[in-house]
Every structure is written in C-alpha cells, then in structure tokens.
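S.K.: I'd like to ask some things about the structure below.
The values are calculated or read from the model by the stated rules, or taken from the named source; none is laboratory data. These numbers come from a predicted model, not from an experiment. Note: ideal-geometry Cβ built from the backbone for every residue, glycine included; neighbour counts use all protein chains shown. The protein model used for the area step is the full one, side chains on, heavy atoms only, and it has no ligands, DNA or RNA in it. Shrake-Rupley method; radii C 1.70, N 1.55, O 1.52, S 1.80 Å.
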Amino acid sequence: MNKNQSLFHSMFPLLKGERIKLSFGLLLAVICSALSFVPYLAVYNIILGLSENKLNFSFIIFWAFLSIGSVILKSLLMSIASLCTHTSAFNTMHKLKIKVLQHMSSLNLGFFNNNSQGKIKTAIFDDIGRLENFIAHNLLELAQSFIVPLILFIVLLTIQPIMALCILIPAVLGIVIPMKIMKGYPDLTKEYTNTFSSVNSSINEMITGMQVLKMYHLSAKHFKRYTNSLKQYTTCLKKMAKTSCSPIAVTVVILDSAILFTLPVGGFLYLHSMITLGKYLLFILLSMCFFSAFFNLINIRMGIMELKSGLTHVQEIINMESIKNGTVTLSSQDCYDIELRNVSFSYGNNAALSNVTLIIPNGTLTAFVGASGAGKTTAAQLIGRYWNVTSGEILINGININDISTKSLMNLTAFVFQDVFILDDTLYENIAMGSDAEMSKVIEAAKAAQIHDFIQNLPNGYKTSLGVSGIKLSGGQKQRIAIARAILKDAPIIIFDEATSFSDIENEHKIQLALQSLLKGKTTIMIAHRLHTIKNADNIAVFDEGKVVEQGKHDDLTKSDGIYEKMWNTYIYSSVKEVM
Ligand code: ADP
C-alpha cells in the first residue's frame, strides 16, 4: 500500500459492487446499537413514574414488552447485518485473491524464486484473510461505537450540557490514553506479519524437505531456520501482548468510570435545583451503558493496524512490474532462427550471463555445455522469457521476444527440464496439460515418448491418478511424460535439459527414442551433461562463468585445445572408469 494512501482509500475500489450491501449492513448495525438503549430507557421511565407516583401495571407491561421487543428485533437485525457484512467481506477477499493471483501469473519467474511459497501463501490467505475481520466485524463495531453515541450525545447536550460533558470525559480519556500507550504497536504489527510469513515459509520448506531431513537424522530442533523463525514469531507475539494488555485494561476501566463524574456533578446540580430528579437518573443510567460499544475500540484499532501491515505486502505484489508482453504473433509457417545478441543477465546482484552472442538457426540442434553454474539454464530460460534480460536482446525470427505476445511465445516453445512438475491428476491430464487434446492424440504422443506401454499396463490406463493421491513415477518415467507433453504441444522450438540421474540403460534407450520423435525438424537447444549425446549436434556452445567461450562442432572443438577438449577428455576418462 502506498504510504500516503489511507487504508480506506486503498480499499474503496475493492468494495465496488459491495457498497450497497455493506452500507445496508452498517445501517442495521446502527439501528441495533440504538435498540440497545431501549431497556435503559424503560428503567428510566419506570423509576421516573415511581418517583412521580404515576406508575400503573399497563405502563410497566408496555415498557417491559418494548424492551423484550427491542432485544428480539436487535438479534434479528444483527443477524442480517452480520450476513451482509460477511458476504461483502468474502466477496471482496475473493476479488482481491483473484487479482493478486492474476497479477502473479504475469510476473517473471524471479518472483517465485525470491518469494518463497510460504510468503506467497501468507499474502494470499492470511494477509487478505484479515479483510474478513475488518469488513465483517471491525466496520460493524465502528458503526455501533460511534454513530448512536454521537447522536445521543447531541440530544443530551440539549437536555443538560454540563452532564453531557461529564459523560464525554471518559470517552476522551479512553481514546487518547491508550493511543499514547500503544504508540509502538504499528511497528509490531509489521514485525508480526514478517515473522508470521517467515514461519510459514520455513514450515513449507520443512514439509517439502522432510525426506532429506529424516535421511540425515535431523529433527525439527535441528532445523535452524524453522526454530529461529518460530522463536522470533513467539517473541513478537509476547511483545504485542505486553504492548496491548495495559491499554486494554486502561480503556475498560476508564470507559466504565463515567458514573464517577455524573454521580457527584449530577448530585450537586440536583441539590442546587439545576436539574430534575428524572434527568439526574437518566444521566446516571446512560453513564453506565453509553460507552459499552467503545470497548471494541482497542480491538478495532489493533485489527486496522494488522490489516494495514498485511495489505502492504499484498500491495507490494500488485505493484510488481509484469513481464513484458508484446503484440506480435508468429505463425507456424515462420522459420525460427533464434539469436542472442550481447545478452547479459543478473539475478539481483549476481551476474549470471555476460555479453552472450549466439545464433541458433532454424531446425538445428545446439548444445549448451559447461560446468555447473556456468549459465546454461539461465540462457535457455531467457529464450522463453522466464526473466527479462538485463541488457542486449533475444530475437526469434528477427523479432525481439519482448515484442512477441506471451501466448505466441508460449506456443512457440516447449521446455523439458529435469525437475518435472507432476499434476495431482490423471495421466491423461498430465500429458494434455489442460489442452483438451483428443485421447488418440495423447496416446500417439505417449507412444512416441516411449511411455504408452507402461501406461497401458496400469489397471486404469490413462485414467490412473498421479501426484499426492496417486501412483508414483520413477525419474525416467516422469521425464518421458514431460517429453510426451512436449510432443503433443508440437512447438517448433524445444529446450531440453538432459537428465543425468535417470540414466539406467533401458531408460536411456527409451529416452533417446523419445527424443528422436520430439526433436524431428525442430529448432533445439539441449543443455547437455553427458557429452556423447551431443556429439552430432550442429553447434556446441561452451559456457564458462556466464560467457560463451567456444562454439563449433564436436570434431573441431575436440581438436582446439580449449575447455571443451578438456571436458571431453575428462568425460571419456570417467566413463571408462565407470565401465571398469
Ligand atoms: P547452469 O545451468 O550452467 O548450471 P545456471 O544458469 O543455473 O547455470 O546458473 C548461473 C548462475 O546463476 C549461477 O551462479 C547460479 O548460482 C545463479 N542462479 C541460477 N538460478 C538462480 C536463481 N533463480 N536465483 C539466483 N541466482 C541463480
């Protein structure tokens, strides 16, 4: 949230479409608040009747029924008011969640890298969730706390101004003193939001890494990040309790003390015949109930501060710049030469690529090789506009990829990476990936990817569930599923990260066959780890510390006395050692 923007100002557009319902709910809440004075009015009238000797049975019954009626009506109206404000709150939260999710889908992958899952979850569920408390509860309480007491105060001023001011004294003290005491609370709410989101991130990390943690005999106590964040969170909660306990106590005591002022002042005025007995009684009664609604003020104030700090996180996400999206659409008949022209890229301050220039002609296979961390993956991902380049440009068919529409670029490229994402859904869905492809096409792709036989032997075939609730796949099977997806997508540019870990002989053979189907006639970039697989590549680009230091065909590079030659010799040596 913009610092200069008030909470209400930034929330107003979100409430669009909810304002009538919300206003109606608040109006009912105000009526409820007014109705809560009826029983006190009954007591006043009965005592007054008693003092003036005018009391009779029908008069008592009238006020008794009026009080009962007011209580029943109040519960009814309060239910409707609560329904209205809750519906408005849930609708507003829903809209904001969709808005944030839509915006997140337009951000580059750096966002998901730099913001852990836990942090994102906190922003979407917990921070936005605070809106429910604010709209459904705090706004109602605010309407009840202020509007009726204000009107009543004006009426009381006309009846007896000195007594009215006596009633006002606790309100002023009850608001000003806690505000002074709670000065540090806004900073604490920020700390609370940060530590809470850090706990969420570390819990996420811990659950995801549970297998590894167990393998290394690490207990939760040893999981430093988790215990530290939990410690910070608990410390923050304790500080919040310390800061808020005394203001709450002070407010309750002060607001309850109006009678301390009205009793003596009223008595003095009565004795000097400046006020009638009836009015004196009326002020005593009202001083006991006038500020009951004010007790919620502390809660409201704390709720607002927490909401403000939570919405700041949400607003930060919304303010993030979307990834560049052009308007050019490339047709499938175009040829797909790719060119990286002086491309540099940094992850924050960490330079990953520096001045990379590379031409990948249409229909050829280019291999990216180099040590781990040399920049191969980054260069490949930049072609899919996973990130915006820091400087230089990437061209497809002579067009800067920033000018190509996201949809078109997505259609042009298919990524097959080592870390295959499996949906918690059927095998069919895991290959079709939401494309509504006909079953026959999915089967065709699975056959070409050498995974059809495996699927067919499962009891439910393509309807078999995968993911958390379904069967588990081996690394090699997952990779062939990813290849089947790419074959089905039939994109003209394939970016393939060769897996090193699933290289048993049968799987390797199947993957090679699957690749032959996938790569036929495509412009391919292969991030290669096992050099024998790219011996026949049209071009091999050797990456070293973010630069392309050599490129050419295998036979030429092995004679050039450069990095590739050394890599190749080491590779051959280690392969021979493995066989021995
Ligand atoms: P390679 O694929 O050759 O192993 P990468 O492209 O993955 O290399 O990494 C290049 C450099 O960028 C490395 O220094 C790596 O630590 C860094 N890097 C890679 N991904 C990220 C990321 N998501 N955030 C920050 N730094 C990264």
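S.K.: Look at the stretch 286-298 and say how many of its residues are surrounded by 19 or more Cβ atoms within 10 Å (Cβ to Cβ) and part of a helix (DSSP H, G or I).
M.R.: 6
S.K.: Determine whether the stretch 227-247 contains at least one residue that is open to solvent by 40 Å² or more (accessible area, probe 1.4 Å) and not in a helix (DSSP H, G or I).
M.R.: No; the residues of the stretch 227-247 include none that is open to solvent by 40 Å² or more (accessible area, probe 1.4 Å) and not in a helix (DSSP H, G or I).
S.K.: Name the residues in the stretch 349-362 that are surrounded by fewer than 16 Cβ atoms within 10 Å (Cβ to Cβ) and either more than 21 Å from Glu393 (Cβ to Cβ) or more than 14 Å from the ligand (Cβ to nearest atom) (or both), would you?
M.R.: Passing the criteria: Asn349, Asn350, Asn355, Thr357, Ile359, Pro361.
S.K.: What are the residues in the stretch 368-401 that are assigned to a strand (DSSP E or B) and touching a Ser or Thr at 6+ places or on another chain (Cβ under 8 Å), if any?
M.R.: Once the filter is applied, which keeps residues that are assigned to a strand (DSSP E or B) and touching a Ser or Thr at 6+ places or on another chain (Cβ under 8 Å), the stretch 368-401 yields Ser391, Gly392.
S.K.: Another one. Among the residues of the stretch 253-281, how many are among the hydrophobic types (A, V, I, L, M, F, W, C), part of a helix (DSSP H, G or I) and open to solvent by less than 60 Å² (accessible area, probe 1.4 Å)? So that I can check it myself, show each step before the final result.
M.R.: So in the stretch 253-281, the residues among the hydrophobic types (A, V, I, L, M, F, W, C) come out as 253-255, 258-261, 263, 265, 268-269, 271, 274-275, 277, 281.
Right, trim to part of a helix (DSSP H, G or I) and you get 253-255, 258-261, 263, 265, 268-269, 271, 277, 281.
Filter again for open to solvent by less than 60 Å² (accessible area, probe 1.4 Å), leaving 254-255, 258-259, 265, 269, 281.
Total meeting the criteria: 7.
S.K.: To continue, here is another question. If the requirement is being within 11 Å of the ligand (Cβ to nearest atom) and open to solvent by less than 20 Å² (accessible area, probe 1.4 Å), which of these qualifies: Ala380, Ala371?
M.R.: Sole residue among the options that is within 11 Å of the ligand (Cβ to nearest atom) and open to solvent by less than 20 Å² (accessible area, probe 1.4 Å): Ala380.
S.K.: Something else now. If a residue has to be open to solvent by 20 Å² or more (accessible area, probe 1.4 Å), within 12 Å of the ligand (Cβ to nearest atom) and closer than 24 Å to Ile494 by Cβ to count, how many in the stretch 526-568 make the cut?
M.R.: Result for the stretch 526-568: 2.
S.K.: Please go through (1) hydrophobic (A, V, I, L, M, F, W, C); (2) away from the ligand (no atom under 16 Å from the Cβ); (3) surrounded by 16 or more Cβ atoms within 10 Å (Cβ to Cβ) for Ile471 and return the number of the only condition it doesn't satisfy.
M.R.: Unmet for Ile471, out of (1) hydrophobic (A, V, I, L, M, F, W, C); (2) away from the ligand (no atom under 16 Å from the Cβ); (3) surrounded by 16 or more Cβ atoms within 10 Å (Cβ to Cβ): (3).
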